[in-house]
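The values are calculated or read from the model by the stated rules, or taken from the named source; none is laboratory data. None of the values given here were measured: they were computed from a predicted structure. Cβ placement follows ideal geometry from the backbone for every residue including glycine, while neighbour counts extend to all protein chains displayed. Only protein heavy atoms, including side chains, enter the accessible area calculation; ligands, DNA and RNA are left aside. Shrake-Rupley method; radii C 1.70, N 1.55, O 1.52, S 1.80 Å.
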Amino acid sequence: MRPAHRQLLPLRSPCWPRPHRQQHGAVRALPAHAQSFGASGNGAGTGSAEGRVQDGAAAMVVGVGCAAVAALLSCFLVVLPLRCAGQTDLKSPQDIQVYVVNTNFTLRWNYTGNDTNVTFSAEYRWFESSDTNEKVRETEWKELSGCQNVTRTECDFSSAVTKYYDEHEVRIRAERGEELSPWSSIFEMTPYAIAQIGPPGVELQSTNGVIKIKVSPPEANQVRKMWIADLRFKYILVIWENSSNPEVRSQSIFPTDTIDDLAPDTTYCLKVQATIPLEFQEGLFSPIFCVKTTRKVNDLLCATNVRILALNMKFHLHWNSQYKQHVSYNVQYLSGYRKTLHDDYSTEWLSVPGCENITDTQCNFSSIISTTPGLYYLRVQAMSENNKTCLSNEVKVDPLRTNEIGPPDVKVDISDVSLHIQISPPGGSECEVMRDHYDLSYRVLYWKNSSNNEEEVKIKEVKQTIATVSDLTPSTLYCVKVQAFSEVYNKSGDYSKEECIKTPGATFVTALIAVLLVAMPLVFGLYQIYNKIKYVFFPSCQPPLNIEGFGGQVFNSLYLSTTDEPIENCSIIEAITEEVNQIDFKDYKHSKQSSRDSGTYSNDSDTSGSKASEETLVKEIV
């Protein structure tokens, strides 16, 4: 039986106040008001001054007594052995480590002491999540089952841990009889975070020149599991020939798979590793298994050289036949996800519609390919007249990667010096998979089709189905071809047929410019002539009407309208022979001019009126 732990406490004077323990084991001193000596429920110590003096004296006496007791105890401590003061020669364990493989937990440590008959015991505690999703630490350390009074420097505590996603703390100490070493440093861990994937189970079968392998996931036969989702596991096979200078190869395999391309009558060794790629976790390898291959029986009934031809999402399966007698074929397929399961899928193969009991060596299986990405496996079952059957090798189909992109259709048109290219996607507009899943781009090649072989081929890449090429040379034959490609799948299709078209020549343009150069001066000259004629025959301003008659003669202008209009009569005096008073004449002329300018004159057209006016003017002057 493990001895009870005895904790060595420091000696305490009976006069020292007892500390109080807080929640979670914290220690704190009593408040100052609670440490007053002589305090009681009836109010002692808070009364008169005399009472306070008496209390002070009593406290002084007690203090002196306590000092004496402390001095006496210190004398005893000097002579007490060191071990009685709570000291020990045992050292604490060091380098604490926890190793987790699946749900197997191992605690390991180092111990540098030379003590004999030393055992080790460990404790643990963990954090739990509360209702508010906050982590609460367990308040008590618990004994770690499987790690009590062990004599080695490791122990298995797999049965103690059940909470794989909670944080744990582990510590350990050395023991010898009633002596206990200090606790080691605390090791913190979350089991799932430090756990390592264990080795998978492996079963092998050598038959007909191939090795059939079946892999079971880690913890397959365990009740408690660290890895719950088995479907997340991916398996890596490492295989080599058992010889002095082997060539090691590695490949991914399914839980149930076949390893072919092996030499007959040869011993091969292999090991398998389970991984979780999404979490970048790699497991331990299985033990090494060795198996010898057999010779492959060449059955002429079996279909050979099974292959897939796919163009624009139209899938065809082709194979060769070696059988000389009547044989019929049945093409079968299996959804790829079935192979990721650990169950037996041998009964899950289905027949391709339209490819049942056929005698041809090809089959269109486009009907089984859905628009959603996914793997498929196909095989050909050959049947003879006597109901003998033989299955071919399987071929894998990843539709969007196996499919080849065909050439697009191209139409070209030209306007002025720009080339317009209309592109139809491969497979036609009705092929939604080609249009929606590939996200096609187009590479346009165009060049001058001339006798000069050094003409540069220019490239233009577009996402749309319409492309325009500008800055072309007039009267030149240009050729175009287009290629569709997918950057995501790193696939390029074939180029379309060449389409050629000639750009318009410069004759029409030159003639048009020449006509404009000749016509513009001619139009300008005609315009000037028209303005002159209009100015002469149809002036915008007419002469005053008062100059129509002059000197008793009617003044008829060829430039004026024949319509009779009233005009003013004017008289011109060329010379005056009589001597007149210059000053009076000037004054008179000035006054007449003023009156003439401001008055209204007669519009009579007869000559008598003109003469009378002239005579009257002369008389007035004289």
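Observations on the model:
- Residue check for Asn298: touching a residue at least 40 places away in the same chain (Cβ under 8 Å) and among the polar types (S, T, N, Q): no
- Matching residues, the stretch 87-130, being modelled with pLDDT of 85 or more, surrounded by 13 or more Cβ atoms within 10 Å (Cβ to Cβ) and in a loop (DSSP other than H, G, I, E, B): Leu90, Lys91, Ser92, Pro93, Asn102, Thr103, Tyr111, Val118
- Selection status of Asn330, modelled with pLDDT of 95 or more, open to solvent by less than 70 Å² (accessible area, probe 1.4 Å), out of contact with any Lys or Arg (no Cβ under 8 Å at 6 or more places or on another chain) and of a type outside the set (Gly, Ala, Ser): yes
- Members of the stretch 290-303 found to be out of contact with any Ser or Thr (no Cβ under 7 Å at 6 or more places or on another chain) and open to solvent by less than 70 Å² (accessible area, probe 1.4 Å), listed by number: Asp299
- Whichever residue in the stretch 245-276 is open to solvent by less than 30 Å² (accessible area, probe 1.4 Å) and β-branched (Val, Ile, Thr) and, among such residues, is nearest to Gly201 (Cα to Cα): Val272
- Among residues of the stretch 255-278 that are in contact (Cβ under 8 Å) with a residue 24 or more places away in the chain, those with a beta-carbon under 7 Å from a residue that is open to solvent by 60 Å² or more (accessible area, probe 1.4 Å) and among the β-branched types (Val, Ile, Thr) at least six positions away or on a different chain give the pairs Cys269/Ile288; Lys271/Ile288.
- Residues that are part of a strand (DSSP E or B) and open to solvent by less than 20 Å² (accessible area, probe 1.4 Å) were ranked within the stretch 463-482; the one that is nearest to Ile369 (Cα to Cα) is Val482.
- Test set (1) open to solvent by 70 Å² or more (accessible area, probe 1.4 Å); (2) closer than 22 Å to Phe254 by Cβ - Asn387 fails condition number: (2)
- Among the residues of the stretch 290-309, at least one is among the hydrophobic types (A, V, I, L, M, F, W, C), closer than 21 Å to Gly198 by Cα and in contact with a strand residue (DSSP E or B) (Cβ under 6 Å, 6 or more places away or on another chain).
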